[in-house]
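The values are calculated or read from the model by the stated rules, or taken from the named source; none is laboratory data. Computed from a predicted model, the values in this text were never measured in an experiment. In this analysis, Cβ positions are derived from the backbone assuming ideal geometry, glycine residues included, and neighbour counts consider all displayed protein chains. We work out accessible area using only protein heavy atoms, side chains counted, and drop any ligands, DNA or RNA first. Shrake-Rupley method; radii C 1.70, N 1.55, O 1.52, S 1.80 Å.
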Amino acid sequence: MADFIISVIYTFKNEGDRELAVKEMTDSGVLSAIRNECGCLTYDYYYSVDDNKTMVLYEEWESAQHQKIHMTQPHMKTAMEIMGKYTESTKIKKLTVSEF
């Protein structure tokens, strides 16, 4: 089970920008590099069906320390540059999960 879960909510500048950003993240190899990091359990993008300029990144990590190390990786500089070209705003939320 994941010990550290966050969501990143991206608002894009223009229609079609979220698709361009995801394509560039994939084509550059950044998405694969992130998913292959030690401690990465889930790293997936989800599109809003109501707003074509919104996307959510859902991340699950084995621990907060793994996610902290993730942010220092060289490919994260590239990821931030790619997303920065297309996004208008970014909101980060730490999620708390309760077991039933």
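Rolling a 1.4 Å probe over the protein heavy atoms leaves ASP17 with an accessible area of roughly 20 Å². Straight-line reach from LYS93: taking Cα to Cα under 18 Å and skipping same-chain neighbours fewer than 8 places apart, the lysines in range are LYS68.
Relative to the longest principal axis of the Cα atoms of the chain, the long axis of helix 74-86 makes an angle of roughly 40 degrees. Residue-wise HN-Hα couplings along region 53-63, as the Karplus relation 6.51 cos²θ - 1.76 cosθ + 1.60 with θ = phi - 60° gives them from phi, are 10, 10, 8, 10, 9, 10, 10, 10, 10, 4, 7 Hz; Gly and Pro carry x.
Restricting region 5-42 to trypsin sites (Lys or Arg not before Pro) that sit in a DSSP loop and have at most 15 other Cβ atoms within 10 Å of their own Cβ leaves LYS13.
Working from label points 7 Å from Cα in the Cα-to-Cβ sense, the SER48 to VAL97 distance is 2.4 nm. Net charge in the neighbourhood of HIS70 (other residues with Cβ under 15 Å of its Cβ; Lys, Arg +1, Asp, Glu -1) is -2. Each of TRP61, THR26, GLN73 was scored by the projection of its Cα onto the charge dipole of region 1-86, and the greatest displacement toward the positive side belongs to GLN73; charges sit on the C-beta of Lys, Arg, Asp and Glu.
For the chain, with all protein chains in place and a probe radius of 1.4 Å, 53% of the accessible heavy-atom surface sits on carbon or sulfur. Backbone amide hydrogens, once placed in the peptide plane, bring LEU41 within less than 5 Å of GLU60, TRP61, GLU62, excluding anything fewer than 5 places away on its chain.
Roughly what angle does helix 17-27 make with the longest principal axis of the chain, taking Cα atoms, 0 to 90 degrees, to the nearest 10? Approximately 60 degrees, to the nearest 10.
Between ASN36 and LYS68, the FRET efficiency estimated from the beta carbon spacing at R0 = 22 angstrom works out to 0.80.
Applying both filters, DSSP loop and at most 13 other Cβ atoms within 10 Å, to the GluC sites (Glu not before Pro) of region 67-100 gives GLU99. From largest to smallest, the equivalent ellipsoid semi-axes obtained for the chain from the alpha-carbon gyration tensor read 22, 17, 11 Å.
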